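In what follows, a structure is listed as structure tokens, so that the remarks can point back to it.
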Amino acid sequence: MKNILLFFTCLLACGNLFAQTPADLRGDVRDEQKQGIPFVPIQLFRLGDSMRVAIKESDVQGRFDFSSLPKGEYILRIRFQGFQFYETPPISFKGAPIVLGSIDLKPEVALLREVVIETTKPFVEQRADKTILNVENSIVATGNSVLEVLEKAPGVTIDRQNEQIKLNHKSGITVMIDGRPNLLSGADLTTLLSQMNSDQVSSIELISNPSSKYDAAGNAGIINIRLKRNKAYGTNGFVSLNAGRGFLSVGPADLYRGAGMLNLNHRHGKWNVYGNGGVSRKVNFNAINVLRNTSYQGLASAFDQNFSRTSSGWGYNGKVGADYYASEKTIIGMMIDGTTVDVSMNNLSKTYIQDVQGGLTSKSMVNQTATSHSPFQNLTANLNLRHDFSKESSLSMDMDYAGFGNRKQEFFDADYLNGEGMSTSQTQLKNRIKTLIDMWAFRADFNRRINALMTMETGFKGVRVNTDNDFVAEKSAGGSWQNEVGKSNHFLYGEAIYAAYVNLATEWKSWKIQSGLRAEHTASKGETLTDRQEISRRYLSLFPTLFVQKILQENHSLRFSYSRRVDRPNYQQLNPFVFYMDPYALDQGNPYLKPQFTGNFELNYTYRQTGFTLGYARTKDLITQISQQNDETRIVNVIRENLGEAHYYSAALYFPLKLTKAWSTQQNIALNYNRFTDGNLEGAAYQAGRMVLNLNSNHSFKLPRQFMLELNFWYLSPRVHGVERTTISQYALNAGLQKSFKNKQWRLRLSADDVLSTNHWEGRLQYQNVDLSVVNRFVSTRVALSVNYNFGNQQVKSARSRNTATDDMKNRAGNG
């Protein structure tokens, strides 16, 4: 039914396109990075009497056009928040179509006593198609990792308990860096983002409903992290250094962190060469308490487990690239970037057990020391070509390789004690885990303006992935290490995805329509070499998208969007290995996991920078975490399973306020209701739901002597996801102070996160025979001092932002 609806929508759009006459006047608007700016109001005035003839908004590529114009003299005027007012010279229309080309809007500036003061973009900027975090100009983001910055974003939840990033309370996020998704997911992704410093980042885009041009992966949408760039011909760069410390009353003394980064760019003649490198050090700590009750054949047991987990490590990243402008129409580029993160973890746990059987009570205890060393490397290489056949059509191609390697070692020393505290036995276990992932990809995209009213995008993509997971479990016996048969395993997984898409866009009068269809064919094969089991799958999926916008009147618009998306299990979730965590907890992959599919609907009304959004999404076969308990052994096994359906209802309001000349704010208020249902989850029907309130308030104060102050407050009420419930509200107040020197060549920032120390997590899992509650306290209170220095020509042309062809595949590597 959805495909039939899409077909008739496209047919209707094309019918309107061919029924219209060519545009009389057209052009496009771009920002300082030559990127098209969507939804910019363009006003057309008659020159003689200054009467406004028409108003149009630019499309998602920044293009606009006017039709059915009488002959005469006209001018265009553009007013758009964050950019300077623009007015064209007189335009003489004599009946023949006029192509204005690109209109480059400049950042807004104000002149005061012959001093140029650039306006500062707000930390949170709402646009009709996405939310933007302007990290580069934010003081409260200083000294934070990218993961900590995301925690301040409206609609984003960092689930530190399950190592997940959620958007609008939906899991299944594609995290992109400069348009190309990262190789990792789960715990490895959060580790990488916790090592990436905010000084590297220009902005972060939150896109809940991407078009068919994007990979269909990511049920909840896309988080695109844009790194800093430079802006015209010449040579320049910047250096940033920061140092900070975390605070937690039950944490260790060493909670220090720091980072440094160097960015260089040079453009001369036909060459543009760029590169950057950075290093960071982070220490994190978690104090976790788990209470669990079991009952089996008259034996009732109460577990009180306390974990103290410290992770510390260094991260190194570097990128080098070049663009060669072979002609005005052809650009050839290459890029190599790599990341290395070396993390060590120490986990001390004490498990107190009280057993009651036949009216008698007995006590015992298990003390465990666990250590791990987990270095991993991530390398991406890209070769790209762009050719413009004319002003109306272009072709871009990418060839990519991405590789990931992780060789992890874990040691577990457990001491079992009786009620008197006397040791009764000890165990020593060791795991050696090798994970290698290789990806090859090719992508081609073709854009063409068919006529003045219709544009088309189409493309093809192919990706091949091979993963090699070797898990060796050993136990110390008789002074030597012996392989634990039945636990060690070797798992190979291969996957190929071939995709093609087409987008058609049109507009007439006050309407804009873009409809698209993406087809993806997936073939996969998983093989466990130890027990010779194979699981193969082949399936074809269609992903329609539809965007309809109605300009009601000046500054008022209504926009509807729909997209179907998929979230495939990441490679480690498919890995059937059983991972030991402590004597009473295991973690296991599931090679039978199915992909989850989501339909997203949004209705958005905007007036200037104020907007109201209604949304609904339905996910089938939700990939979720389930805890299975063996009552006899009292061991909990954490696995991933598909839950029947998830329904997400949302309403959000966002608006700016200018309270005084020096005090401006951005407010975001969202209500969500999430409902989860399954007819047979672990042997019984399941249904759960809850309303969630999410608040995000940002305040900016301009102070004398080039000082600036920022405050950020966010609040998230109790919620439910799958079978897991968060039982408390989470909230935090963050602050930052900035001082600029020497025409902003030097910048000093001081930031403080969670200044009231209110942010921690508490949850409960009570389903079937599982009854447990968790309290997780982590390092959320932090202070950081940062210094930035810009040198050289500050008008260097930016290196091109490359969207590599490995796209969504990268996001599925790593631990679940």
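The values are calculated or read from the model by the stated rules, or taken from the named source; none is laboratory data. All of these numbers come straight from a predicted model, not from anything done at the bench. Virtual Cβ from ideal backbone geometry, glycine too; neighbours counted across all protein chains shown. Accessible surface is based on the protein model in full, side chains and every heavy atom, while ligands, DNA and RNA are left aside. Shrake-Rupley method; radii C 1.70, N 1.55, O 1.52, S 1.80 Å.
What to note about this one:
- Scanning segment 258-276 for residues that are of a type outside the set (A, V, I, L, M) and open to solvent by less than 30 Å² (accessible area, probe 1.4 Å) turns up 258, 260, 263, 265, 267, 272, 274, 275.
- When residues of segment 136-156 are limited to those that are among the charged types (D, E, K, R) and farther than 18 Å from residue 260 by Cα, the one nearest to the chain's Cα centre (by Cα): 151
- Residues that are over 26 Å from the mean Cα position of the chain (by Cα) and open to solvent by less than 10 Å² (accessible area, probe 1.4 Å), drawn from segment 453-468: 454
- Answer residue from segment 769-816, given it is modelled with pLDDT of 85 or more and assigned to a loop (DSSP other than H, G, I, E, B) and is farthest from the chain's Cα centre (by Cα) among those: 769
- Of 349, 344, all but one fail to be in a strand (DSSP E or B) and buried (at least 16 other Cβ atoms within 10 Å of the Cβ); the exception is 349.
- The listed residue being crowded, with 17+ Cβ neighbours inside 10 Å, more than 24 Å from residue 157 (Cβ to Cβ) and either of a type in the set (D, E, K, R) or out of contact with any helix residue (DSSP H, G or I) (no Cβ under 6 Å at 6 or more places or on another chain) (or both), out of 640, 634, 608: 634
- When residues of segment 356-368 are limited to those that are touching a residue at least 24 places away in the same chain (Cβ under 8 Å) and more than 18 Å from residue 585 (Cα to Cα), the one most open to solvent (accessible area, probe 1.4 Å): 363
- Checking each residue in segment 594-615 for being touching a Gly at 6+ places or on another chain (Cβ under 9 Å), under 17 Å from residue 210 (Cβ atoms) and among the aromatic types (Phe, Trp, Tyr) picks out only 601.
- Taken over segment 159-174, residues that are modelled with pLDDT of 75 or more and either surrounded by fewer than 20 Cβ atoms within 10 Å (Cβ to Cβ) or closer than 14 Å to residue 132 by Cα (or both) amount to 2.
- Flag for residue 448 being part of a strand (DSSP E or B), in contact with a Ser or Thr (Cβ under 7 Å, 6 or more places away or on another chain) and open to solvent by 60 Å² or more (accessible area, probe 1.4 Å): yes
- In segment 139-153, the residues that are over 14 Å from residue 244 (Cβ atoms) and part of a helix (DSSP H, G or I): 146, 147, 150
- Filter pass, residue 592 being open to solvent by 50 Å² or more (accessible area, probe 1.4 Å), under 23 Å from residue 530 (Cα atoms), among the hydroxyl-bearing types (Ser, Thr, Tyr) and modelled with pLDDT under 95: yes
- Residue-level check: of (1) open to solvent by less than 40 Å² (accessible area, probe 1.4 Å); (2) at pLDDT 90 or above; (3) farther than 30 Å from residue 331 by Cβ, residue 488 misses just (2).
- The lone exception for residue 538 - which of (1) in contact with a His (Cβ under 8 Å, 6 or more places away or on another chain); (2) in contact (Cβ under 8 Å) with a residue 40 or more places away in the chain; (3) not aliphatic (A, V, I, L, M) it fails: (2)
- Qualifying residue in segment 744-765 (condition: on the phi < 0 side of the Ramachandran plot and at pLDDT below 85): yes
- Cross-chain or 6+ apart pairs with Cβ under 9 Å, segment 405-425 first and more than 20 Å from residue 482 (Cβ to Cβ), then among the charged types (D, E, K, R) and outside any strand (DSSP E or B): 406/188
- Only residues that are of a type in the set (A, V, I, L, M) and surrounded by fewer than 16 Cβ atoms within 10 Å (Cβ to Cβ) were counted in segment 242-253, giving 2.
- Residue within segment 562-569 that is farther than 20 Å from residue 521 by Cβ and modelled with pLDDT of 90 or more present: yes
- Strands (runs of 3 or more DSSP E) contained entirely in segment 457-571, each with at least 1 residues that are closer than 22 Å to residue 217 by Cβ: 489-508, 511-528, 533-553, 556-567
- Those residues of segment 491-533 which are closer than 20 Å to residue 438 by Cβ and open to solvent by 30 Å² or more (accessible area, probe 1.4 Å), in sequence order: 492, 498, 525, 527, 529
- Residue among 322, 402 that alone is within 30 Å of residue 266 (Cβ to Cβ), among the hydrophobic types (A, V, I, L, M, F, W, C) and surrounded by fewer than 17 Cβ atoms within 10 Å (Cβ to Cβ): 322
- Subset of segment 279-300 (residues that are buried (at least 19 other Cβ atoms within 10 Å of the Cβ) and over 35 Å from the mean Cα position of the chain (by Cα)): 294
Each row is one residue, and each column tells you yes or no for (1) open to solvent by 50 Å² or more (accessible area, probe 1.4 Å); (2) at pLDDT below 80; (3) closer than 24 Å to residue 608 by Cα.
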position	(1), (2), (3)
13	no, yes, no
25	no, no, no
33	yes, yes, yes
39	no, yes, yes
44	no, no, yes
77	yes, no, yes
90	yes, no, no
112	yes, yes, no
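- Every residue from segment 745-766 that is touching a residue at least 60 places away in the same chain (Cβ under 8 Å) and either among the charged types (D, E, K, R) or under 30 Å from residue 686 (Cβ atoms) (or both): 749, 753, 761, 763, 765
- Filtered residue count, segment 426-448, keeping only those that are free of Cβ contacts under 8 Å to residues at least 60 places away in the same chain, basic (Lys, Arg) and within 30 Å of residue 504 (Cβ to Cβ): 1
- Residue check, residue 320 in a strand (DSSP E or B), under 33 Å from the mean Cα position of the chain (by Cα), farther than 19 Å from residue 790 by Cα and without any contact (Cβ under 8 Å) to a residue 60 or more places away in the chain: yes
- Number of the condition not met by residue 649 [criteria: (1) surrounded by fewer than 17 Cβ atoms within 10 Å (Cβ to Cβ); (2) not in a strand (DSSP E or B); (3) not aliphatic (A, V, I, L, M)]: (2)
- Listing of strands (runs of 3 or more DSSP E) fully contained in segment 678-744 that carry 3 or more residues being open to solvent by less than 30 Å² (accessible area, probe 1.4 Å) and in contact (Cβ under 8 Å) with a residue 40 or more places away in the chain: 684-703, 707-716, 719-721, 730-741
- Residue that is farthest from residue 280 (Cα to Cα) [pool: residues in segment 296-335 that are out of contact with any strand residue (DSSP E or B) (no Cβ under 8 Å at 6 or more places or on another chain) and modelled with pLDDT of 90 or more]: 297
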